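Please read the structure below before turning to the comments.
The values are calculated or read from the model by the stated rules, or taken from the named source; none is laboratory data. No experiment lies behind these values; they were computed from the predicted model shown. Virtual Cβ from ideal backbone geometry, glycine too; neighbours counted across all protein chains shown. Please note that ligands, DNA and RNA were not included when accessible areas were found on the heavy atoms of the full protein model with its side chains. Shrake-Rupley method; radii C 1.70, N 1.55, O 1.52, S 1.80 Å.
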Amino acid sequence: MFRIKTLNNISSEGLDRLEKGIFEVDDDTVEPDGILLRSYDMHGIELPTSLKAVARAGAGVNNIPVDACSKKGIVVFNTPGANANS
């Protein structure tokens with residue numbers, strides 16, 4: 001089971017794509033495998049040792065410490081154009 005921490009409110013339409021039984025999504029997870037966020041500024045938080053990936057629901061990664069993630073082997077994703085249909 002992969003533990004996913006959310007740092008912002010993420011649409012249930014998006015979270016429903018994470019299959020129950022494979023992903024456990026919670027905003028209080030202490031040792032997450034992944035983090036989902038929108039505009040939350042991660043620069044001031046310590047990266048958990050369990051963290052494998054950070055995904056931004058939006059374009060850009062200016063709110064994510066990409067250099068620190070890269071040094072720790074943490075993959076960073078964003079979703080450019082995700083709101084294009086809005």
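List of remarks:
- Normalising the average separation of contacting C-alpha pairs (under 8 angstrom, six or more residues apart) by the number of residues puts the relative contact order of the chain at 26 percent.
- The chain: calculated mean residue ellipticity at 222 nm from DSSP helix runs of at least 4, using -39500 (n - 2.57): -2000 deg cm²/dmol
- Simple Cβ-charge dipole of the chain, Lys/Arg +1 and Asp/Glu -1, about Cα centre, in debye nearest 20: 300
- Dipole of the chain [Lys/Arg +1, Asp/Glu -1 at C-beta], most positive-end residue of 14, 80, 35: 80
- Those lysines that a straight Cα-Cα span of less than 27 Å connects to residue 72, excepting residues fewer than 8 apart in one chain: 5, 52
- Surface analysis of region 21-86 yields an accessible area of 62 Å² per residue, using protein heavy atoms and a 1.4 Å probe.
- Table column - 3J(HN,Hα) (Hz), region 17-29, Karplus curve with 6.51, -1.76, 1.60, x for Gly and Pro: 6, 8, 4, 4, x, 10, 10, 10, 10, 7, 8, 10, 4
- For the chain, the carbon plus sulfur part of the accessible surface works out to 50%, probe radius 1.4 Å.
- DSSP bridge pairs, the chain: antiparallel proportion in percent, nearest 5: 0
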